[in-house]
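Student: One structure coming up, written as structure tokens, with questions to follow.
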Amino acid sequence: MSRTISKKERTGTALRWAAVCGVVAIGLGVAAGELLAGFLSPSVSPVTALGGVVIDAVPGWAKDLAVSLFGTGDKIFLISTIAAVTVVLAAIAGILEFRRNGAGLALAVLAGAAGLAAVLTRAQAAPAAAIPPVAATIVAMLFLRLLIQRLETWRPGPDSNGMSLARRSFVQMLAGTAIAAVVAGTVTAIVRTAGIVASDFRRAVTLPAPATPAEQVPKGAALTLDGLEPLVTPNADFYRIDTALIPPAVNPPDWTLKVTGMVEREVQMDFATLLAKPMIARYVTIACVSNDVGGDLIGNALWLGWPVRELLAMAGPKAGADMVLSRSADGWTAGTPLEALTDNRDAILAVGMNGEALPVEHGFPVRMIVPGLYGYVSATKWLTELKVTRFADDEGYWVPRGWSDHGPIKTESRIDVPRDGGSVKAGTVQFGGVAWAQHRGVSKVEVRVDGGAWHQATLAPGISSDTWYQWQAGVELAHGSHEVQVRATDSSGTAQTEVRAAPAPDGATGFHTIHVTAN
Ligand SMILES: Nc1nc2c(c(=O)[nH]1)N[C@H]1C(S)=C(S)[C@@H](COP(=O)(O)O)O[C@H]1N2
Ligand SMILES: [Mo]
């Protein structure tokens, strides 16, 4: 070692180590906070709460972009982004703290305060939920200071002698902290990603048989064409849309549903009382307003529940009320016309989906299902409150974000077979798909080739006007490439519009159009 080391080089190496100290110390803080939250308040973790604030803050178009780019991977994308930003900030905190005692700690306090604020703004935050972000901040600050202190004592550089006491002390401290962070993080990840808590709650639930069984599925409602989606969507394949990073873990014995607002008397109902009510079973096809023409944010399930109108009748809505603002355990809201919840369409407080308790990500233990309305104005998952109010006074989550305050599902149809861009054998080609016009019913489906005349398809009987219908059509295709379109007509005789509209503000329109090559 004859080369002399400049001060600059020495500081460069030290700064890199300082950045590592920041990442390791803050990593331990975050992991400790998440672990603690797992015990103290499983439904509010600091990281999830911060993620929720980010989701609530990003503009609607950015959310739509994320969904269209990453599909259901949009949450993984968000989590990775939060993780990456945290790592960068933590590295900066380490460097700041090395440069100037207290500067990195200040950054940690700021981040901790953001976490605390995020947690406290979550709807179901109990006082105990404040502990994890505070503890996380203290742990992060403590270890950041300890590590930087040891780094300062060591003063690394290529000339520092091999295994000095100071170096060993620093390395031991760093490795110990890193191991603790990884262990805490792993335990938390296992607990959380497996959703052990929530699925244990779910396993403990036994559903009653319906007092009013579901409508018979008519013979022939499910066509046998290969490639068609099943008439009833299995729970595991059901689309999922919500703003929850991790679904809230709601324990049925702790669950109550409150009816508040413009009512003669407030009503509270617990889960056991709800389960003892005469339940009805109904097939209902729910759809997302964000579903683009030809999209798959739609699914049909057999729901088990108690009519919302019965609960509202107990509370007695006051004259002048025209909306019910339903709220979830994580603070999300939907504004539904009071009329749609009290008329004969069987809007229900659903506890069952396809013969099982609601899956956690589909709203366990209780959600609303309202035939005929898009999910964002009706299908509140992890339901906790119904506030009887007026459209003039309240608005649901998506309304100030650019979506319409009313969301009836529009008449639409989709080609599922053959696939867009596929090749087929020239001659008679079997086309098939689904069509829907919830609560009105579909009366006709037609297809056309290359903008020619419409040909009527075979329309399978629907389960009810509240579900989708399957259709099939044999279409003559000559050699070459073709454009094929579909349109549905509802039972009032109104055909779906050809006018292309984007999903915002109240649902996409236009004909689903695919291209196939006949050989
Ligand atoms: N608590 C809560 N409920 C919610 C949402 C949400 O973000 N949070 N999203 C709604 C939307 S936009 C739709 S389309 C449906 C989707 O229900 P699913 O995920 O069971 O398919 O849930 C609705 N219920
Ligand atoms: Mo939606």
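The values are calculated or read from the model by the stated rules, or taken from the named source; none is laboratory data. Bear in mind the structure is a predicted one, so any value in this text is a computation, not a measurement. Note that each Cβ is placed from the backbone with ideal geometry, even for glycine, and that neighbours are counted across all protein chains shown. Accessible surface is based on the protein model in full, side chains and every heavy atom, while ligands, DNA and RNA are left aside. Shrake-Rupley method; radii C 1.70, N 1.55, O 1.52, S 1.80 Å.
Student: When the chain is fully extended, how far beyond the present Cα-Cα distance does T428 get from A392, taking 0.36 nm per residue of separation?
Tutor: Full-extension gain reported as 7.5 nm.
Student: Can you tally the net charge around L383? Count Lys and Arg as +1, Asp and Glu as -1, for every other residue whose Cβ sits under 9 Å from the Cβ of L383.
Tutor: +2
Student: Given R₀ = 56 Å, FRET efficiency for T206-A106 by Cβ-Cβ distance, to 0.05? Intermediate results must be reported in sequence, preceding the final value.
Tutor: Working: r = 53 Å, r/R0 = 0.95.
Using R0 = 56 Å, I get an efficiency of 0.55.
Student: Rounded to a whole number, what % of the accessible area of the chain do carbon and sulfur atoms account for, probe 1.4 Å?
Tutor: Answer for the chain: carbon and sulfur cover 60 percent of the accessible area.
Student: Here's something else I'd like to know. Please report the relative contact order for the chain, taking Cα pairs under 8 Å with a sequence separation of at least 6, and give it as a percent rounded to a whole number.
Tutor: Working: 1116 pairs, mean separation 70.3, N = 519.
This gives 14 percent for the chain.
Student: Take the Cα of V187, step 7 Å along the line toward its Cβ, and report every residue of region 26-46 whose backbone nitrogen sits under 13 Å from that point.
Tutor: Output list for this probe position: 31-40.
Student: Sum up the charges of everything whose Cβ sits under 15 Å from the Cβ of A209, counting Lys and Arg as +1 and Asp and Glu as -1, but leave A209 out.
Tutor: +1
Student: For the peptides 311-317, 393-399, 467-473, what is the packing order when you average, over each peptide's residues, the other Cβ atoms within 10 Å and list the highest mean first?
Tutor: 467-473, 393-399, 311-317
Student: HN-Hα J couplings of region 93-102 from phi, Karplus 6.51/-1.76/1.60, θ = phi - 60°, integer Hz, Gly and Pro as x?
Tutor: Going residue by residue, I get 4, x, 5, 4, 5, 6, 5, 8, 3, x Hz, with x marking Gly and Pro.
Student: Hull surface divided by four, with the convex hull built on the Cα atoms of region 235-401: how many nm²?
Tutor: 9.4 nm²
Student: Follow-up question, since we're still on this one. Quick check: the angle from helix 60-70's long axis to the longest principal axis of the chain, C-alpha only, nearest 10 degrees?
Tutor: 90 degrees
Student: Positive end of the charge dipole of region 18-117 (Lys, Arg +1 and Asp, Glu -1 on Cβ, about the Cα centre): tell me which of V67, I95, A49 has its Cα farthest that way.
Tutor: My answer, from the dipole projection, is I95.
Student: Using the Cα centre as the reference, give the magnitude of the dipole from point charges on the C-beta atoms of the chain (Lys, Arg: +1; Asp, Glu: -1; all else neutral), rounded to the nearest 20 debye.
Tutor: Here the size comes out at about 2280 debye.
Student: Give the peptides 379-385, 271-277 in descending order of average Cβ contacts within 10 Å, highest first.
Tutor: 379-385, 271-277
Student: Given a Förster distance of 45 angstrom, what is the FRET efficiency for K258 paired with R99, based on the Cβ-Cβ distance and rounded to 0.05?
Tutor: In this case the efficiency is close to 0.30.
Student: Turning to a different aspect of this structure: Could you tell me the distance between the Cα centroids of region 55-110 and region 333-350, to the nearest Å?
Tutor: Between the Cα centre of region 55-110 and that of region 333-350, the gap is 39 Å.
Student: Which order, highest average first, do 260-268, 290-298 follow once you tally other Cβ atoms within 10 Å for each residue and take the mean per peptide?
Tutor: Sorting 260-268, 290-298 by mean packing, highest first, produces 290-298, 260-268.
Student: Along the charge dipole of the chain, pointing to its positive end and built from +1/-1 on Cβ of Lys, Arg, Asp and Glu, which listed residue (M353, A198, P418) has its Cα farthest out?
Tutor: The residue sitting most towards the positive pole is A198.
Student: Before anything else, pin down the relative contact order of region 288-427: Cα pairs under 8 Å, at least 6 apart, normalised by residue count, whole percent.
Tutor: Details: 244 pairs, mean separation 39.3, N = 140.
Contact order relative to length: 28 percent.
Student: Could you work out how much longer the chain between Q149 and S68 gets when fully extended? Use 0.36 nm per residue separation minus the Cα distance between them, nm to one decimal.
Tutor: Gain in length upon complete extension: 24.4 nm.
Student: When the solvent-accessible surface of protein heavy atoms is calculated with a 1.4 angstrom probe, in what order do W61, W436 fall, highest first?
Tutor: W61, W436
Student: Taking only pairs that are 8 or more places apart or on different chains, how many Lys pairs in the chain have Cα atoms under 25 angstrom apart?
Tutor: Lysine pairs satisfying the spacing and distance rule in the chain number 15.
Student: Once you charge only the Cβ atoms, +1 for Lys and Arg and -1 for Asp and Glu, what is the size of the charge dipole of region 12-197 about its Cα centre, to the nearest 20 debye?
Tutor: Details: 12 positive and 7 negative charges, 90 e Å.
Roughly 420 debye for region 12-197.
Student: Here is a follow-up. On a C-alpha basis, how far is the centre of region 377-439 from the centre of region 473-519 in Å? Whole number, if you could?
Tutor: What the calculation gives is 16 Å, centre to centre.
Student: Then there's this: Given N residues in the chain, what is its alpha carbon radius of gyration divided by 2.2 N^0.38 Å?
Tutor: Values: Rg = 28.3 Å, N = 519, 2.2 N^0.38 = 23.7 Å.
For the chain, the normalised Cα radius of gyration is 1.20.
Student: Work out the FRET efficiency for Q216 and I179 from their Cβ-Cβ distance, taking R0 = 60 Å, and round it to the nearest 0.05.
Tutor: The calculated FRET efficiency here is 0.50.
Student: Charges on Cβ only, +1 for Lys and Arg, -1 for Asp and Glu, centred on the Cα centroid of region 190-295; of V217, C288, M262, which one is farthest towards the dipole's positive end?
Tutor: My answer, from the dipole projection, is M262.
Student: Please give the contour-minus-distance gain from T11 to H515: 0.36 nm per residue of separation, less the Cα-Cα distance, rounded to one decimal in nm.
Tutor: Length difference between fully extended and current span is 175.2 nm.
Student: In addition: Taking only protein heavy atoms and a 1.4 Å probe, what accessible area per residue, in Å², does the chain have with all protein chains in place?
Tutor: Result: 44 Å² per residue.
Student: Probe radius 1.4 Å, ligands and nucleic acids left out: which of F238, F39, F98, F77 has the largest accessible area, and how do the rest follow? Show your work: numbers first, answer last.
Tutor: Details: F238 15, F39 160, F98 45, F77 90 Å².
Descending accessible area places them as F39, F77, F98, F238.
Student: While we're on this one: Quick check on region 12-197: what are the equivalent-ellipsoid semi-axes from the Cα gyration tensor, as sqrt(5λ), descending, whole Å?
Tutor: For region 12-197, the ellipsoid semi-axes come out as 32, 18, 15 Å.
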